1. Of the residues Gly245, Gly122, Gly140, which exhibits the maximal mean-square fluctuation in a Gaussian network model of the chain defined by a 10 Å Cα contact cut-off?
2. Which value, in Å², gives the accessible area per residue of the stretch 10-245 when a 1.4 Å probe is used on the protein heavy atoms?
3. Highest mean first, how do 9-22, 227-240 rank when packing is the count of other Cβ atoms within 10 Å averaged over residues?
4. Of the heavy-atom accessible surface of the chain (probe 1.4 angstrom), what whole percent is carbon and sulfur?
5. How big is the dipole moment of the stretch 10-245 about its Cα centre under a simple scheme where the beta carbon of each Lys and Arg is +1, that of each Asp and Glu is -1, and everything else is neutral? Debye, nearest 20, please.
6. Just to confirm my numbers, what's the Cα centroid distance between the stretch 210-231 and the stretch 12-86 in Å?
7. Taking all pairs of different Cα atoms in the chain, averaging 1/r and flipping that mean, what Kirkwood radius in angstroms comes out?
8. Whole-Hz ³J(HN,Hα) for each residue in the stretch 244-257, computed from phi via Karplus 6.51 cos²θ - 1.76 cosθ + 1.60 with θ = phi - 60°, x for glycine and proline: what do you get?
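The values are calculated or read from the model by the stated rules, or taken from the named source; none is laboratory data. As the structure is a prediction and not an experimental result, all values here were calculated from the model. Cβ placement follows ideal geometry from the backbone for every residue including glycine, while neighbour counts extend to all protein chains displayed. The accessibility values were calculated without ligands, DNA or RNA, using every heavy atom of the protein model including side chains. Shrake-Rupley method; radii C 1.70, N 1.55, O 1.52, S 1.80 Å.
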Amino acid sequence: MVSLQLDGRTVVVTGAGQGQGAAEARMLVEAGARVIATDLALTMPAELAVSSSSAGALVYRQLDVSDASGWSELASWIESHGWQVDGLVNNAGITQRSRLLDASVADLQRVYEVNVAGSLLGIQALAPLMGSAASIVNVGSVAGLTAHYPVAYTASKWALRGLSQVAAMELGPRGIRINTVHPGFIETPMTASAKPEFRQATLAETPLGRTGSVEEVAGVVLFLLSPLSSFVTGAEIPVDGGQSGHGGAKSVSDAMR
Ligand code: NAP
């Protein structure tokens with residue numbers, strides 16, 4: 001069947017309290033999924049309010065993705081409802097803007113705990129509850145495709161790519177797919193604190209000449225969770241307005257106009 005509908009499917013989204021995660025959770029509910037939206041906050045963030053006429057449903061659970069026991073509790077809670085997990089979006093991530101000669105081991109550890117270990121723990125906890133045709137989407141970054149200057153964040157997103165590829169290989173025989181989306185500059189609370197110079201320089205490197213919206217990332221995530229992408233696994237999809245595709249050639253092209 002050719003459809004982006006996710007009726008009857010249960011999807012867990014991490015870091016869903018705001019930004020891209022909230023948009024993903026809302027769009028997945030519209031597509032008919034039962035969404036288990038998780039974030040650090042104890043109670044459901046306002047951004048997760050969905051219309052009562054939505055096709056699916058949303059439940060909120062507190063979860064720190066770096067906490068293995070939190071993942072075990074979530075898995076037990078899902079099991080106690082008799083639900084199978086059909087999708088997981090490892091969206092939670094933190095940034096860290098120290099540069100090469102200033103970055104500390106603690107900086108590296110902090111971003112790795114959330115951006116890399118958080119995704120590993122999620123896969124480990126929920127894969128046992130997944131049937132064939134389940135789909136996992138890891139949220140990387142153009143930082144994981146380039147030499148983006150914040151070294152700890154960049155190294156964590158490159159590491160996440162490795163994790164994704166191993167997971168795609170290991171879980172493929174069970175029919176479980178794992179893909180990665182790599183957002184460019186997306187307007188969210190995370191990027192709201194970026195310096196104007198960063199915004200300007202990024203736009204100069206982006207062929208579409210603008211920043212992206214959270215819905216533009218959520219749409220690709222929905223595609224990867226849907227049956228329309230049933231033969232896609234181990235893929236990496238930049239959602240970056242072309243920022244990573246030109247490999248540094250844009251400034252040369254612009255100079256020759
Ligand atoms: P965001 O606005 O900062 O939202 C991230 C959410 O994750 C927040 O609600 C945050 O909670 C939560 N979170 C942080 N640490 C967590 C933890 N340990 N466990 C569970 N939840 C946690 O970020 P975003 O811009 O939507 O980014 C979402 C993902 O896209 C991240 O993986 C990010 O690296 C990636 N990304 C973003 C961009 C961009 O331009 N925005 C570009 C490339 C990649 P608190 O607010 O309470 O900390």
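1. Gly245
2. Working: 10180 Å² over 236 residues.
Per-residue value: 43 Å².
3. Values: 9-22: 26.6, 227-240: 16.9.
My ranking of the peptides, most packed first, is 9-22, 227-240.
4. Values: 6890 of 11860 Å².
C and S atoms contribute 58 percent here.
5. Values: 13 positive and 20 negative charges, 46 e Å.
The calculated dipole for the stretch 10-245 is roughly 220 debye.
6. 17
7. Details: mean 1/r = 0.0539 Å⁻¹.
One over the average 1/r among Cα pairs gives 18.5 Å for the chain.
8. 3J(HN,Hα) across the stretch 244-257, in whole Hz: 8, x, 8, x, x, 7, 5, 5, 5, 4, 4, 5, 8, 6.
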